[in-house]
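Asker: Have a look at this one.
The values are calculated or read from the model by the stated rules, or taken from the named source; none is laboratory data. Quick caveat: nothing in here was measured; it's all calculated off a predicted structure. Please note: Cβ atoms are built from the backbone with ideal geometry, for glycine as well, and neighbour counts cover all protein chains shown. Accessible surface is based on the protein model in full, side chains and every heavy atom, while ligands, DNA and RNA are left aside. Shrake-Rupley method; radii C 1.70, N 1.55, O 1.52, S 1.80 Å.
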Amino acid sequence: MLDKVRYGLQGAVVLLVVSFSTIVLTAVIFVLSLFKLIAPRGRARNSMTHLLSWFAELWVSINKLSVSFYRDMEWDVHMPEGISHKGRYLVVCNHQSGVDILALQHVLNRRAPFGRYLLKHQLIWVPVLGVAWWALDMAFLRRYSKQELIRNPSLRGKDLENAARACEKLKHIPVSMMTFPEGTRFSEPKREAQSSPYMHLLRPRYGGVGQVLYSFDDAMDGVIDVTIVYPEGTPSVWHYVSGQVRKISVHINLRPIDPELRGGNFREDPEAKSHLKTWLNGMWEDKERLITETLSRELEARPR
């Protein structure tokens, strides 16, 4: 009973802090976005972008600080050398929970560039947040449904060109392009439904990864390959903010990008598509081994 009260109070305090910082910093970013809108293209606008990214990273730092007082929450982080805050990276991560994004922010904030996502173009019209996302250079994409493609076959492949245009401005600033190739959170029913060959992962989808590699071409410095493991079971966001998560293992590899993958049009080039799928499947096989080894090691370390 006392534990429930403690977790409830802890979670309420963290949510209050995060909500307050979100409101304040979103308002600051919204105001600064107006200055960015009128700033001339080039150095002036890039300076505003760097300033906006600094405020976004401050928001992540506050979120990180708000849970740093949980002494019984252990972070097991394996971070390689060579990741630059001024670089341009594709971040590839497995997906199990809403906590994944919080964990990525926790370990990569101010070490790698601020993360951007590929967003549906409709989201730009979300009040206040849409402008903030635009100011932070999120890539807004126009995607086409199967019905639209059937009605107008000429739209096939247009999503790649849309992605290239959306990412053009990101090729000239430090950026981490965040992707979850599984497309949805892992669960046993989903794994069984798609006959996944992995025990702890869903099959990776290559579309988002292919769009980023095509759009950035030679401008991408490398791949930050992140594998998140929750040794005591997949937590919810509430478990995280209330301090009920005991351990999070994050393994990060910095991978080079195969030259054959850069700028490859996987929509129209069968060879580029095959190469991309083989490369991504190989990465997923490595993740599966890593997750299995981590869980086995944690199980052996537990007192009997």
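Asker: Looking only at segment 73-81, decide whether some residue is charged (D, E, K, R) and in contact with a Cys (Cβ under 7 Å, 6 or more places away or on another chain).
Answerer: No, segment 73-81 contains no residue that is charged (D, E, K, R) and in contact with a Cys (Cβ under 7 Å, 6 or more places away or on another chain).
Asker: Another question, then. Just name the residue that is farthest from the chain's Cα centre (by Cα) out of those in segment 245-279 that are under 16 Å from residue 96 (Cβ atoms) and buried (at least 17 other Cβ atoms within 10 Å of the Cβ).
Answerer: 245
Asker: Can you find a residue that is open to solvent by 30 Å² or more (accessible area, probe 1.4 Å), of a type outside the set (Val, Ile, Thr), in a helix (DSSP H, G or I) and modelled with pLDDT under 95 anywhere in segment 83-95?
Answerer: no
Asker: Open to solvent by less than 50 Å² (accessible area, probe 1.4 Å) and under 27 Å from residue 106 (Cβ atoms): which single residue out of 293, 288, 300 fits that description?
Answerer: 288
Asker: Can you pull out the residues in segment 52-79 that are open to solvent by 40 Å² or more (accessible area, probe 1.4 Å) and either within 21 Å of residue 216 (Cβ to Cβ) or among the basic types (Lys, Arg) (or both)?
Answerer: Selection gives 64, 71.
Asker: Okay, moving on. Out of everything in segment 73-126 that is of a type in the set (Ser, Thr, Tyr) and farther than 20 Å from residue 295 by Cβ, what residue ends up being farthest from the chain's Cα centre (by Cα)?
Answerer: Here the answer is 84.
Asker: For the condition in contact with a Phe, Trp or Tyr (Cβ under 9 Å, 6 or more places away or on another chain), part of a loop (DSSP other than H, G, I, E, B) and closer than 21 Å to residue 170 by Cα, what is the one hit in 243, 263, 210?
Answerer: After ruling out the rest, the residue left standing is 263.
Results for (1) at pLDDT 90 or above; (2) buried (at least 16 other Cβ atoms within 10 Å of the Cβ); (3) hydroxyl-bearing (Ser, Thr, Tyr), shown as yes or no for each residue.
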| position | (1), (2), (3) |
| --- | --- |
| 177 | yes, yes, no |
| 182 | yes, yes, no |
| 185 | yes, no, no |
| 191 | yes, yes, no |
| 195 | yes, no, yes |
| 206 | no, yes, yes |
| 216 | no, yes, no |
| 220 | yes, yes, no |
| 226 | yes, yes, no |
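Asker: Can you pull out the residues in segment 1-51 that are open to solvent by 50 Å² or more (accessible area, probe 1.4 Å) and not in a helix (DSSP H, G or I)?
Answerer: Hits for segment 1-51 are 1, 40, 41.
Asker: Taking only segment 273-303 into account, find how many residues are in contact with a helix residue (DSSP H, G or I) (Cβ under 9 Å, 6 or more places away or on another chain) and without any contact (Cβ under 8 Å) to a residue 40 or more places away in the chain.
Answerer: 2
Asker: I'm checking my understanding of the structure. Among residues of segment 133-148 that are farther than 11 Å from residue 163 by Cα and at pLDDT below 80, which one is surrounded by the most Cβ atoms within 10 Å (Cβ to Cβ)?
Answerer: So, considering only residues that are farther than 11 Å from residue 163 by Cα and at pLDDT below 80, the one surrounded by the most Cβ atoms within 10 Å (Cβ to Cβ) is 144.
Asker: Output the residue which, of all residues in segment 165-175 that are open to solvent by less than 20 Å² (accessible area, probe 1.4 Å) and in a helix (DSSP H, G or I), is modelled with the lowest pLDDT.
Answerer: It comes out as 166.
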